[in-house]
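Shown next, in structure tokens, is the structure this report addresses.
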2 protein chains.
Amino acid sequence: MEPEKVRAPNIRDVARLAGVSYQTVSRVLNEHPSIRETTKQRVLDVITEIGYRPNQAARALVTSRSRTIGVLTAQTADYGPSTSVTAIEHAAREAGYRITVTSIASSEYTSIRVALDQLLTQAVEALVVIAPQVRVLEAIRELHIDVPYVTLQNADMGEADHTMSIDQVAGARLATQHLIDLGHTEIMHISGPRDWIEADARMQGYLNAVNDADLRTRAPILGDWTAHFGYYAGLELLRFRDFTALFAGNDQMALGFMHACWDSGLSVPGDISVVGFDDIPEAAHFYPPLTTIRQNFAEIGRRAVSLLLAELQGTRVDQAQITPELVVRRSTAAL
Amino acid sequence: MEPEKVRAPNIRDVARLAGVSYQTVSRVLNEHPSIRETTKQRVLDVITEIGYRPNQAARALVTSRSRTIGVLTAQTADYGPSTSVTAIEHAAREAGYRITVTSIASSEYTSIRVALDQLLTQAVEALVVIAPQVRVLEAIRELHIDVPYVTLQNADMGEADHTMSIDQVAGARLATQHLIDLGHTEIMHISGPRDWIEADARMQGYLNAVNDADLRTRAPILGDWTAHFGYYAGLELLRFRDFTALFAGNDQMALGFMHACWDSGLSVPGDISVVGFDDIPEAAHFYPPLTTIRQNFAEIGRRAVSLLLAELQGTRVDQAQITPELVVRRSTAAL
DNA sequence: CCATTGCTTGTGTACGTTCACATTCTCAAC
DNA sequence: GTTGAGAATGTGAACGTACACAAGCAATGG
């Protein structure tokens with residue numbers, strides 16, 4: 001007498017025990033309106049009693065709807081992306097969807113292809129992209145992906161339909177303008193990697209602000225979002241002290257840069273003012289507390305989902321851009 | 001003439017075009033040994049040509065295997081959990097599994113139940129838990145979950161089979177001992193929240209080390225992992241300067257605490273030495289750079305997956321504990 | 001009292017795949 | 001040339017659900 005593998009109960013088991021047809025059970029599950037209250041209750045009782053769970057695979061098979069949203073992210077543990085993913089997960093869950101996350105190891109084309117391929121094989125109904133988007137977008141077009149998708153940051157690429165935009169250009173402008181307002185005229189910028197759309201947008205905002213103020217434009221340094229990069233770039237840059245303010249593409253690089261400042265015997269904001277971007281929770285506790293641009297990552301995630309869900313239902317929603325916000329702390333001071 | 005919705009190609013379409021039976025195609029897909037090379041190639045050609053993708057739902061239905069690993073995480077964007085999740089995803093993908101992530105909003109019982117319920121409904125074959133584990137473990141038992149599961153941190157709860165352990169107790173000992181070796185005798189500890197097993201383990205390591213050295217034991221402060229908490233707890237603690245060293249349960253709280261030190265006019269490590277835990281990438285760039293305990297989060301994730309996969313195949317692997325490592329930086333100094 | 005309507009329930013079928021079993025083919029050994 | 005074994009391929013089920021349609025039932029109106 002083996003403890004023989006018990007089959008999980010199915011819809012017919014429920015039906016038998018409740019004394020109805022399987023179709024009636026199906027109706028209860030799908031909240032069909034025409035079902036007598038007593039019958040419904042009887043079915044529900046049986047369901048909880050025997051611990052029945054609808055088989056998602058069977059459901060997906062017959063409806064050809066996976067109720068799954070794919071999330072494609074860069075292999076990063078950064079605060080922003082992580083926060084957004086969590087928000088996406090919650091919003092999706094509330095709408096009866098689940099998410100499946102795939103991260104890409106590098107931004108190489110094959111890596112992206114493999115990741116997209118896996119997502120498609122899982123029959124995702126929609127796609128959220130949080131990654132080096134330029135290349136990913138290319139891959140999406142090339143693979144003829146026809147599910148609704150959305151990229152999580154501002155893209156000024158004529159892809160308005162597929163973009164959940166925080167106005168990063170405006171955010172970067174805000175940051176740069178803040179430095180200008182403090183009287184700085186020589187402002188450096190360390191940006192994110194080349195193929196990140198948001199890096200590009202922030203750089204654009206910086207350039208716009210500097211140009212509008214008729215200040216000297218300096219070639220931004222292309223970084224990789226890490227504090228390490230900020231540190232080493234800082235050590236290099238500070239050998240020539242020909243600037244008095246720095247706008248970093250994110251808070252981590254700002255942190256690294258400030259570290260380089262102390263190591264070079266310079267004070268922030270005494271000698272150099274620093275502005276970051278993102279407002280990660282730690283930024284308020286940096287030394288000195290970092291002036292930065294706050295982004296509502298959770299809100300972006302939520303909106304991305306609602307945008308996709310709307311598209312799945314054939315409706316369109318006009319999404320207002322989310323405006324980022326300047327948070328002034330002690331890392332910036334008047335010249 | 002509508003552009004009528006084209007049905008995705010199925011296994012029979014492939015079979016027809018390749019001039020074989022659908023079962024032959026199935027064999028090609030599942031790498032059955034007895035299949036002629038020429039036939040196999042013909043089938044593969046057709047597959048790539050028409051862009052056929054096996055329907056996972058149908059597969060899951062008939063095999064009753066979802067090839068999905070569920071990940072239950074706390075709603076946190078912290079470096080550690082995020083890194084582990086990414087590693088889990090990669091390891092799972094290599095083994096032909098995918099992951100589905102669900103995060104719990106609060107550590108309330110219902111919240112945990114809902115999350116677990118969603119995971120079970122998705123028929124996950126295994127479960128990784130990165131969350132306030134004490135309560136989650138209770139829920140797992142209560143719901144009679146019978147899939148293999150693993151918690152991602154050390155649990156000294158007689159659950160060795162289900163634990164992917166980094167030896168956190170040892171790590172905390174290491175941190176505390178480092179302070180003792182530097183001559184400190186009054187050492188405070190800010191720990192993580194009550195129901196996190198890892199918080200508990202770190203506290204245990206601290207207490208062990210302090211006891212073994214016959215030092216005064218101080219009641220640890222229960223924190224919430226955030227820099228904010230570290231800051232405010234620090235402001236409070238520093239009103240009585242009756243300690244010379246602090247071991248924080250993670251790097252964020254250490255950062256907040258150091259912030260409180262500057263605000264209180266104290267120098268780190270001049271007046272107070274600080275040790276963190278985790279070695280997040282930013283820790284090397286704190287002011288001063290933080291002495292901390294490095295954990296290999298990615299390795300934990302990988303091992304968790306291999307543990308689960310082994311269990312699914314009925315084999316058992318003995319997992320050596322991963323030992324954390326002390327990284328000495330400038331936030332600690334001899335008394 | 002019967003026809004009509006709307007609510008409630010039941011029956012057949014399809015979704016796309018794999019498994020168990022059956023069949024055909026190939027080649028070597030007697 | 002026959003037999004047999006193993007390789008290669010094919011046929012009929014089954015997985016658990018939702019949809020289309022059919023049918024039963026009660027209430028309403030004439």
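Below are the figures for this structure:
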item	result
Exercise: per-residue mean of other protein chain Cβ atoms within 10 Å, A:73-82	5
Table column - 3J(HN,Hα) (Hz), the stretch A:87-104, Karplus curve with 6.51, -1.76, 1.60, x for Gly and Pro	5, 4, 4, 5, 4, 5, 4, 4, 8, x, 10, 10, 10, 10, 9, 10, 10, 9
Residues along the stretch B:273-292 losing 40 Å² or more of accessible surface when the other protein chains are present rather than the chain by itself (probe 1.4 Å)	B:Glu282, B:His285, B:Tyr287
Ascending list, in nanometres, of distances separating the B:Thr185 label from those of the other copies (7 Å, Cα toward Cβ)	6.0
Rule-of-thumb Rg ratio for chain A [Cα; 2.2 N^0.38 Å; N residues]	1.28
Chain B: angle of helix B:168-181 to the longest principal axis, Cα-based, in degrees nearest 10	30
Accessible surface of the protein assembly as shown, 1.4 Å probe, proportion on carbon and sulfur as whole %	50
Per residue value of the accessible surface for the stretch B:1-73 (all protein chains in place, 1.4 Å probe), Å²	69
Cβ-vector label at 7 Å, B:Leu215, separations to other copies in nm	4.8
Net +/- balance of residues flanking A:Ile293 in space, Cβ distance below 13 Å, scoring K and R +1, D and E -1	-2
For chain B, calculated [θ]222 nm from helices alone, where every DSSP H run of n ≥ 4 adds -39500 (n - 2.57)	-13500 deg cm²/dmol
Per-copy distances of the A:Leu29 label point, shortest first, in nm (7 angstrom along Cα→Cβ)	2.2
Shielding by partners, peptide B:115-122 (average Cβ within 10 angstrom, other chains)	2
Per residue accessible area of the stretch A:168-296, 1.4 Å probe, in Å²	33
Kirkwood hydrodynamic radius of the protein assembly as shown, Cα pairs, Å	27.3
Amide H contacts under 5 Å for B:Leu326, placed H, 5+ residues apart	B:Arg294
Between helix B:109-121 and chain B: long-axis angle, C-alpha atoms, 0 to 90°, nearest 10	20
DSSP beta bridge pairing in chain A, given as percent antiparallel to the nearest 5	10
Computed magnitude of the charge dipole of the stretch A:11-54 (debye, nearest 20; Cβ of K, R +1, Cβ of D, E -1)	120
Rounded to 10°, Cα long-axis angle of helix A:227-237 versus longest principal axis of chain A	20
Percent of Cα pairs exceeding the 20 Å cut-off, where the set is the stretch B:162-226	24
DSSP bridge pairs, the protein assembly as shown: antiparallel proportion in percent, nearest 5	10
Shape of the stretch A:1-136, Cα gyration tensor, a/c cut at 1.5	prolate
All-pairs Cα distance distribution in the stretch B:168-295, expressed in whole percent, bin size 10 Å	15, 52, 32, 2
Chains A and B, summed buried accessible surface - 1.4 Å probe, Å², nearest 100	4000
Fraction of the pair-distance distribution of the stretch A:12-82 above 20 Å, Cα-Cα pairs, percent	47
Relative packing of peptides B:215-221, B:255-261 - highest average C-beta neighbours within 10 Å first	B:255-261, B:215-221
Net charge contributed by nearby residues that have their C-beta within less than 9 Å of B:Ile322 (K/R +1, D/E -1)	-1
Mean-position separation - Cα centroids, the stretch A:49-84 and the stretch A:95-142, in angstrom	14
Cβ neighbours within 10 Å from other chains - mean over A:123-129	1
Axis-proximal residue, chain B, for the rotation superposing B on A (Cβ, Å)	B:Tyr287, 2
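The values are calculated or read from the model by the stated rules, or taken from the named source; none is laboratory data. Keep in mind it's a predicted model, so treat the numbers as computed, not measured. Every residue, glycine among them, receives a Cβ derived from its backbone with ideal geometry; neighbour counts consider all protein chains shown. Surface areas here come from the heavy atoms of the whole protein model, side chains and all, with no ligands, DNA or RNA. Shrake-Rupley method; radii C 1.70, N 1.55, O 1.52, S 1.80 Å.
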